[in-house]
Amino acid sequence: MRRRALVLPLLLLPAASPDRLERARAEAAAASARADALTRAAIGEGAAADRSAANRAALARRVRAGEAALAAARTRSAKADMLAVAQRVRLGRAEQPLARLLAALQSLARRPALAAVAQPGSVDDLVHLRAMLGTALPAVRARTQSARADARHAAALSAASRAAAGALRAARGRLEAERTALAMVEAAHRSRARALVRSAFSEEDRALALGEEARDLADMAVAEGAARATAASLAALPAPLPRPLAPGVIPPRRPRSAYRLPVTGVLTAGFGEVAPSGARSRGLSFTTQPGALVRAPAGGVVRHAAPFRRWGVVVILDHGAGWSTTLTGLANVRVTLGSRVAAGAAVGRAGKTVGTELRRRGQPVDPVMLL
């Protein structure tokens, strides 16, 4: 009986074959390489985001410089407008004497020549006026041309200033659009970097889980070899001779274990085994014949007996003192909520796969230790 008790846990554990160990190590190395590649990619995305941020800051400075230049251009345009207005005022003042002179000349021109000759002193006055006009007209013309040139220059300055202001506004609009585009690129790079960092963390966790599986498989292989050697040495020993019983004495029954397997089938996942998805098993999983009888591993009260998501029909048994068992993958149940079942009592029929999880105050416990 002791030899059987030693061999049973070994049979329930998943086989630690060399191929499986090498595969776990290769998957762990591949996951670690993917994590490193994702980390490098995340660093690259972060650097690109930093470059975009620097370019955006430079554009912001260029926008501020353009705004300052635009303000200066506006000031120059306003000053040119003021100069043009002052120049027009001065030109108007300078033209007033010339306008009066022209009006007087036009008045004289409309008078008949005979009247000018008949009027006393008219010839002398006319000669005097002619001499005065000959002296004053060149100066008036020069001042008028200078005032007109100043007015044209002020108008040209004003137009150039307005054109420069328009060009600066257009340039500022282009800079703002470019800065917005860079901000969007920076945000996209940073979002990509965060996603790559999360993926790298996931791959690192997967690599750690696969590394733990490889170490567990290596330890299991050592333990398996030692257990087989011990089993072989025990099997080579002669079996003990039973002691004869006294007349009338009933032989004692073999004590039952405190916990039993819920179904007969092939063990497909052991306690603590890492699945391909990286999740660690918290119980045992068996492949069974559909419709196989599922029994209670230990006595208890039914706390749940209904379908639950993708786990099929789920039965939860409360054994008391903080112990509970969760059975998954049932096709149907024979128990009701709140009913009490004994150890080994039928609770339902199995589907293709049945899982069992033993917990102590919510913490998973390896049921193999109690078998």
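In segment 159-196, whose amide N lies under 16 Å from the spot 7 Å out along Cα-to-Cβ of Asp50? List them in ranges. Hits in segment 159-196 for Asp50 at 16 Å: 186-187, 189-191, 193-194. Cβ-Cβ distance of Arg162 and Asp205, R₀ of 56 Å, FRET efficiency by 1/(1 + (r/R0)^6): the value works out to about 0.30.
By the Cα gyration tensor, segment 13-79 has an equivalent ellipsoid whose semi-axes, rounded to whole angstrom, run 63, 7, 4 from largest to smallest.
For a Förster distance of 41 Å, can you work out the FRET efficiency between the beta-carbons of Arg361 and Ala187, rounded to the nearest 0.05?
Details: r = 47 Å, r/R0 = 1.15.
Rounded to the nearest 0.05, the efficiency is 0.30.
With 5 Å bins beginning at zero, the pair-distance distribution over Cα atoms of segment 259-370 amounts to 2, 13, 24, 27, 21, 10, 2, 0 %.
Taking other C-beta atoms within 10 Å as the exposure proxy, Trp323, Trp311 rank Trp311, Trp323 from fewest upward.
Here the calculated FRET efficiency for Lys352 and Arg194, from their Cβ-Cβ distance with R0 = 41 Å, stands at 0.50, rounded to the nearest 0.05.
All of the numbers you see were taken from the coordinates with simple rules; none came from a lab. What you see is a predicted model, and the numbers here were worked out from it, not measured in a lab. Methodologically, a virtual Cβ is constructed for each residue, glycine included, from the backbone with ideal geometry; neighbour enumeration extends over all protein chains shown.
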